[in-house]
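Notes follow once the structure below has been shown.
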Amino acid sequence: MSASLLRFSSITKKIWMALLGIFLLIFLVVHLSINLCLLKSDPTWFNDAARFMGTNYVVKTFEVVLFAGFIFHILLGIILQVQNWMSRPVRYAVNNKSTTPFLSKYMIWTGGIVFIFLAIHLVNFWAMKLGWVGGPRFADGEPNFYQKAIDLFSIPAYSLFYIVLIIVLGFHLNHAFQAAFQTLGLNFTKYSKCIERFGMVYSIVVPLGFIIIPIYFLLIR
């Protein structure tokens, strides 16, 4: 798979990465809307959503597509970064002031941290779903994800770790949103400021929505 990716031109890889990035940006909004069900006093909302996602065949098929999207996005990011490093194997004798946006220089690193966050998140969900780890369950044996979330977010160290990773995700999203539209040639001069502002709002509101959840369980509930 990686060998096939290497044969694509840099422009093709960037376009695919941008398309996958937009797909993942949309997914985050859907995922956040489900997670916000945790704030309701009735746990049925979140548990029903989690059970539906774990049993519905359409959703399970979508999860395969989503997982493949994550993998391709990560691989393309790594390949493009390595190719960028290889194109400049020797540092310039004089470091001129770079015009490259600050966040773009660290996208590979923030992306790596986001990958850690996703890995932890998926392990928590699927390990419990498949019975690989213990946790609260209903009488029929189905996992009680609502109670599991409460148990995890009630641990200050876990919540702090979660909040830090989400903040890093926000920085990653801020540049990723604008870069995706630029790669696809959609950042027209007339709308570039709107895209930039919308990307800024998105990279603040979505992470903030995720951050509210652990703060709620730590300080309010």
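The values are calculated or read from the model by the stated rules, or taken from the named source; none is laboratory data. Because the structure is a prediction, the values reported are computed rather than measured. Using ideal geometry, Cβ is built from the backbone for each residue, glycine included, and neighbour counts are taken over all protein chains shown.
Six or more apart or on different chains, Cβ atoms under 7 Å: show the pairs whose first residue is in segment 27-45 and farther than 20 Å from Leu118 by Cβ and touching a residue at least 24 places away in the same chain (Cβ under 8 Å) and whose second is surrounded by 16 or more Cβ atoms within 10 Å (Cβ to Cβ) and not hydroxyl-bearing (Ser, Thr, Tyr).
Matching pairs, first to second residue: Leu39/Ile213.
Output the residue which, of all residues in segment 126-142 that are surrounded by 14 or more Cβ atoms within 10 Å (Cβ to Cβ) and of a type in the set (A, V, I, L, M, F, W, C), is nearest to Ala49 (Cα to Cα).
So, considering only residues that are surrounded by 14 or more Cβ atoms within 10 Å (Cβ to Cβ) and of a type in the set (A, V, I, L, M, F, W, C), the one nearest to Ala49 (Cα to Cα) is Met128.
Let me spell it out: the conditions are (1) modelled with pLDDT of 70 or more; (2) surrounded by 10 or more Cβ atoms within 10 Å (Cβ to Cβ), and Met86 meets all of them except one. Which number is the exception?
Checking Met86 against (1) modelled with pLDDT of 70 or more; (2) surrounded by 10 or more Cβ atoms within 10 Å (Cβ to Cβ), the one that fails is (2).
Determine, yes or no, whether Ile108 is closer than 16 Å to Phe177 by Cα, in contact with a helix residue (DSSP H, G or I) (Cβ under 8 Å, 6 or more places away or on another chain) and at pLDDT below 70.
Details: closer than 16 Å to Phe177 by Cα: yes; in contact with a helix residue (DSSP H, G or I) (Cβ under 8 Å, 6 or more places away or on another chain): yes; at pLDDT below 70: yes.
For Ile108, the condition - closer than 16 Å to Phe177 by Cα, in contact with a helix residue (DSSP H, G or I) (Cβ under 8 Å, 6 or more places away or on another chain) and at pLDDT below 70 - is met.
Look at segment 180-196 and say how many of its residues are among the small types (Gly, Ala, Ser) and surrounded by fewer than 18 Cβ atoms within 10 Å (Cβ to Cβ).
At the first step, the residues of segment 180-196 found to be among the small types (Gly, Ala, Ser) are 180, 185, 192.
Filter once more, keeping what is surrounded by fewer than 18 Cβ atoms within 10 Å (Cβ to Cβ): 185, 192.
So the count comes out to 2.
For the structure I just gave you, tell me whether Thr61 is modelled with pLDDT of 70 or more, farther than 24 Å from Leu165 by Cα and of a type in the set (Val, Ile, Thr). Before the answer, list the steps.
Values: modelled with pLDDT of 70 or more: yes; farther than 24 Å from Leu165 by Cα: yes; of a type in the set (Val, Ile, Thr): yes.
Answer is yes for this residue.
Let me spell it out: the conditions are (1) surrounded by 17 or more Cβ atoms within 10 Å (Cβ to Cβ); (2) within 17 Å of the chain's Cα centre (by Cα); (3) farther than 15 Å from Leu25 by Cα, and Phe161 meets all of them except one. Which number is the exception?
(1)
Kindly provide the set of residues from segment 138-159 that are more than 16 Å from Asn35 (Cβ to Cβ), part of a helix (DSSP H, G or I) and without any contact (Cβ under 8 Å) to a residue 40 or more places away in the chain, ordered by number.
Ala157
Between Phe153, Phe177, Phe145, which is surrounded by 19 or more Cβ atoms within 10 Å (Cβ to Cβ), hydrophobic (A, V, I, L, M, F, W, C), more than 15 Å from Asp48 (Cα to Cα) and over 13 Å from the mean Cα position of the chain (by Cα)? If you could, list the steps in order and put the result at the bottom.
Details: Phe177 fails: over 13 Å from the mean Cα position of the chain (by Cα); Phe145 fails: more than 15 Å from Asp48 (Cα to Cα).
When all the criteria are applied, what remains is Phe153.
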